Amino acid sequence: MGYHQSIAATCEQTVTALSHILIMRGYRLECSFDLRSALHNQPDCPCPYHGTLDCQCQYLVLLAYEQATPAPPIVITAHECEGITHLSSEGAQLQVDPALLRLAVDVEQMQD
């Protein structure tokens, strides 16, 4: 069973909040893919979700390494579309309290 949560916030706000929570739990995070960076030099890239000429979605792949063990990383994806970020992690023991993440995202939004 995986982890799935949707948050009404930008991908940046959600991932920043998630990062703070996971770092406090002893994880080290790395971003292995960033759609916005990959499309930086690709103007007029059509969006497969909306059919628009310029894709405004964001998609990140994060690797969460537990500092205390040599276990393989937990793969976390974050997909933002129209201001809603969908987090997911398949087959890993990632457990983040939805209320804690929502609170952390609220703090991030207040700081923006």
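Relative to the Cα centre, the charge distribution of region 3-111, modelled as +1 at Lys and Arg Cβ and -1 at Asp and Glu Cβ, gives a dipole magnitude of about 260 debye. D by Stokes-Einstein for the chain, Kirkwood Rh over Cα pairs, 20 °C, 1.002 mPa s: 145 µm²/s. Projecting the Cα atoms of Tyr3, Leu35, Gln109 onto the dipole axis of the chain, where Lys and Arg carry +1 and Asp and Glu carry -1 at the beta carbon, places Tyr3 farthest toward the positive end. Couplings for region 103-108, taken from phi via the Karplus curve 6.51 cos²θ - 1.76 cosθ + 1.60 with θ = phi - 60°, read 5, 5, 5, 4, 5, 4 Hz in order; Gly and Pro are left as x. Given contacts defined as C-alpha pairs under 8 Å and at least six residues apart, what's the relative contact order of region 3-111, whole-number percent? Relative contact order, region 3-111: 36 percent.
Per residue of the chain, what 222 nm ellipticity follows from adding -39500 (n - 2.57) for every DSSP H run with n ≥ 4, rounded to the nearest 500?
That calculation yields -8500 deg cm²/dmol at 222 nm.
A short reminder: the numbers here are calculations on the coordinates, not readings from a lab. All of these numbers come straight from a predicted model, not from anything done at the bench. Neighbour counts are summed over all protein chains in view; Cβ atoms, including those assigned to glycine, are modelled from backbone coordinates with ideal geometry.
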